[in-house]
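Some notes on the structure that comes next.
The values are calculated or read from the model by the stated rules, or taken from the named source; none is laboratory data. Only a predicted model underlies this, so the values are computations on that prediction, with no experimental measurement involved. Ideal geometry is used to build each Cβ from the backbone, glycine not excepted, and the neighbour counts take in all protein chains shown. Ligands, DNA and RNA are stripped out before the accessible areas are found, and what is left, the full protein with its side chains, is counted by its heavy atoms. Shrake-Rupley method; radii C 1.70, N 1.55, O 1.52, S 1.80 Å.
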Amino acid sequence: MPITIKDVAARAGVSVATVSKILNHHPGISEETTRRVEQVMRELEYAPNSRAASLARRATRNIIYLTSLPADIAYTNPHMFDILCGVQSALSEKGYTLTIMDTCREEVPGSTAEQIILQKLADGMIVHGAAIDKNISALLVRRKFPHILIGHPGNGSRLCWVDTNQILGGQIAAEHLLERGYRNIGFLAEGTTDEIAYLRLRGFRIAMQEAGVPVREDWILHTTADLEGSYHAAFGLLSMQQRPDAVICGSNLLAFGLYQVAAKQGLNIPEEMALITFDRYPYSTVLDPLPTFVQIDVHDLGRTAGAMMLRVLKRPELLVQTYATLPRLVCNATTPYRP
């Protein structure tokens with residue numbers, strides 16, 4: 001006969017309720033008791049029937065990670081996996097599984113999210129900013145479905161969200177260059193509609209305005225989030241008759257393109273042009289000289305999203321709207337003090 005929870009309780013000398021609480025990661029059980037029960041489960045090779053337990057409490061212990069996964073996403077959004085790892089880390093500690101669902105091939109916008117909710121495929125949903133739209137936003141609010149959005153949905157939203165303060169990141173980059181003596185500063189940004197690029201650029205403008213330094217609009221270039229776009233934007237900026245003496249690259253893909261164009265044009269970084277970018281990976285560590293960058297800990301952002309999801313599951317009425325990990329400056333060779 002299969003081993004039951006009663007057998008575990010009897011062997012460990014505890015109640016069935018205590019074993020159940022340990023299986024479901026409830027607080028209040030001593031570490032000594034937890035270790036003893038877990039040891040008995042291993043000795044008896046006891047495997048709880050998670051499906052039956054979920055049905056009994058009308059819960060799946062599964063969280064959906066809703067995102068858009070077009071081809072080459074690993075190159076255009078290299079931080080996706082780090083965020084996922086952070087989310088999984090926080091959820092697995094409490095016995096939850098994580099299922100990824102893709103929205104990029106939807107025929108009807110929002111249909112995947114609606115299917116998840118109507119079919120009760122999960123207890124909650126973490127939505128990556130790349131997948132959110134007005135249909136999903138309205139659905140989550142109307143159905144009062146437990147959720148966390150990774151990214152800022154805009155002021156006045158009733159969605160639960162966590163994000164990194166991208167405006168602050170742009171400010172940190174600009175303030176560092178200003179502190180080093182640079183005043184003629186350009187900015188390469190990914191796209192005109194990309195939310196992260198927009199917020200970082202906004203932070204740059206705030207810092208420049210507070211310092212009383214004018215912004216040259218022709219030194220702010222928007223491009224696509226690929227190598228071809230980064231080369232094109234960098235070439236346009238470096239080919240100007242009057243070019244900036246420092247550049248903020250909105251991603252390290254753009255920094256990679258600028259390095260390549262600068263080398264072809266015989267422009268020396270940082271002697272002739274200072275540079276600062278964002279994030280350590282995927283390109284910053286292979287660039288020479290090693291660039292100064294504003295680091296965003298996206299793994300921690302994912303862990304925060306997972307932890308907030310668990311809070312919302314316990315208190316469905318909770319409205320979580322918060323910035324998570326703060327950006328931090330990592331100063332390297334490309335932002336020396338201006339002579």
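Side notes on the structure shown:
- Distance between modelled label sites at Gln242 and Lys94, nm, 7 Å Cα→Cβ extension: 5.7
- Among Ser239, Ser230, Ser30, the largest mean-square fluctuation in a Gaussian network model of the chain (Cα springs under 10 Å) belongs to Ser30.
- Note on the chain: GNM, Cα springs under 10 Å; of Ala113, Ala71, Ala233, the largest mean-square fluctuation is that of Ala71.
- Rounded percent of accessible protein surface that carbon and sulfur make up, the range 211-306, 1.4 Å probe: 52
- The GNM of the chain, with springs linking C-alpha atoms under 10 angstrom apart, assigns the highest mean-square fluctuation among Asn77, Asn62, Asn165 to Asn77.
- Farthest positive-ward along the range 156-198 dipole, Cα basis, beta-carbon charges - from His176, Leu188, Cys160: His176
- With all protein chains modelled, accessible area of Trp161 [1.4 Å, Å²]: 20
- Charge dipole (Cα centre; +1 on Lys/Arg Cβ, -1 on Asp/Glu Cβ; no other charges) of the chain amounts to roughly 1460 debye.
- The spacing between the range 161-197 and the range 67-124, judged by their C-alpha centroids, is 28 Å.
- The range 80-197 - percent of accessible surface contributed by carbon and sulfur, probe 1.4 Å: 49
- Relative contact order (percent, whole number), the range 227-339, Cα cutoff 8 Å, 6+ residue spacing: 25
- Nearest-10 value in Å² for the accessible area of Glu195, using the 1.4 Å probe: 90
- Where Rh is the Kirkwood radius over Cα pairs, Rg/Rh for the chain: 1.10
- Sequence ranges 119-129, 31-41, ranked by mean other-Cβ count within 10 angstrom, highest first: 119-129, 31-41
- Accessible area per residue for the chain is 52 Å², calculated with a 1.4 Å probe on protein heavy atoms, without ligands, DNA or RNA.
- Ranked from largest to smallest solvent-accessible area, with a 1.4 Å probe on the protein heavy atoms, Cys331, Cys160 come out as Cys331, Cys160.
- Note on exposure: Met80, Met240 ranked by accessible area (1.4 Å probe, complete protein assembly) read Met240, Met80, with the most exposed listed first.
- Rounded accessible area of Asp300 (nearest 10 Å², 1.4 Å probe): 60
- By DSSP, the beta bridges lying fully in the chain are antiparallel in about 10 percent of cases.
- Between Leu290 and Glu210, the C-beta separation translates, for a Förster distance of 51 Å, into a calculated FRET efficiency of about 0.95.
- Ranking by accessible area, most exposed first, for Lys6, Lys94 with a 1.4 Å probe: Lys6, Lys94
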